[in-house]
Structure formats: C-alpha cells, structure tokens
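The values are calculated or read from the model by the stated rules, or taken from the named source; none is laboratory data. What you see is a predicted model, and the numbers here were worked out from it, not measured in a lab. So basically every Cβ, Gly included, is an ideal-geometry build from the backbone, and we count neighbours across all protein chains shown. SASA here: full protein model, heavy atoms, side chains in, ligands and nucleic acids out. Shrake-Rupley method; radii C 1.70, N 1.55, O 1.52, S 1.80 Å.
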Amino acid sequence: MVMSLPDKFIVFLGRTFSGHNHDSIMLKQEFPPEMDWFVDLNVLVDLGYLGMKSAYRGEQIAIPTKKPRKSHKNPNPPLSDEQRAANTALSRVRIFVEHAIGGMKRYNILVHAFRNRIENFEDDVIGICAGLWNLVLSY
C-alpha cells in the first residue's frame with residue numbers, strides 16, 4: 001500500500017504481503033477502523049477500497065463509482081455522464097500515485113522475481129527504493 005502526495009512524493013509505504021491480498025484487508029490491518037485516521041485528510045482511492053467509506057470516519061474520502069453488474073434485463077449497464085465525469089476527475093488526480101509506484105519500479109530489484117529468503121528483507125528493499133525515488137524528486 002502506497003500513499004503519496006500529488007507531486008509523487010511517497011509519504012507512506014505499507015508492509016509487503018505475500019500472495020494475493022485484497023486492498024481493503026491490507027488497509028484494515030495497517031490502519032484499524034476504530035481510530036480516526038482519515039478525518040482531516042483528503043483521501044482518493046480506487047475501487048479496491050470500496051468499503052472504506054462505511055468502515056472509516058471522514059468526510060473527504062473519494063471512491064469512484066462502480067459500474068453496475070450485467071443482467072439479462074440490462075446486458076450493458078452504463079454509468080451516467082455525471083458519474084463518468086466524476087470518475088475521470090478522480091483518476092486524473094490518482095494517476096500521480098501510480099506514477100510514484102512506477103518511479104519506485106525504475107529500480108530493477110522491484111520488477112523481477114524476488115528470491116531472497118531473509119525475513120522482512122523485501123520491506124527493507126521497497127523502503128530503500130521509495131527513499132531513492134523521493135531523493136530523485138527532491139533534486
């Protein structure tokens with residue numbers, strides 16, 4: 001889990017999880033919902049954090065609108081123009097987080113299969129890569 005500023009500066013890096021894990025489960029492990037983590041912050045997330053508005057307190061949590069499911073009665077359910085515009089506006093701001101993740105991946109150790117068996121070494125590696133990326137941004 002990566003949190004960054006609009007200028008691509010990484011401010012939080014969660015611990016790594018092995019295998020496939022859902023984003024909202026990782027969020028609940030890193031930030032327990034009982035505390036007021038996001039009350040004073042403007043939070044923009046993707047659809048992986050769909051239940052975040054109901055689990056966490058905060059007025060400024062923005063989640064894109066999910067497209068309705070297909071059914072026999074409605075084989076191609078569209079989003080309204082307002083919903084599409086809101087999703088586009090949200091993704092134009094959220095793309096900077098993806099650019100920050102891509103900036104960390106310029107260091108090849110994060111791109112290739114990681115075969116080291118030292119405990120918590122992958123957390124150290126991704127932390128070093130994030131620090132190097134922030135150093136690149138500061139110059």
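Values computed for the structure shown
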quantity: Among the candidates A85, A62, residue that is of a type outside the set (K, R) and over 14 Å from the mean Cα position of the chain (by Cα); calculated: A85
quantity: Matching option when the condition is open to solvent by less than 50 Å² (accessible area, probe 1.4 Å) and polar (S, T, N, Q), among N116, N87, N120, N108; calculated: N87
quantity: Test result for E30, at negative phi, open to solvent by 50 Å² or more (accessible area, probe 1.4 Å) and among the acidic types (D, E); calculated: no
quantity: Wholly enclosed helices (runs of 4 or more DSSP H) of segment 5-122 bearing at least 1 residues free of Cβ contacts under 8 Å to residues at least 24 places away in the same chain and under 25 Å from L135 (Cα atoms); calculated: 81-104
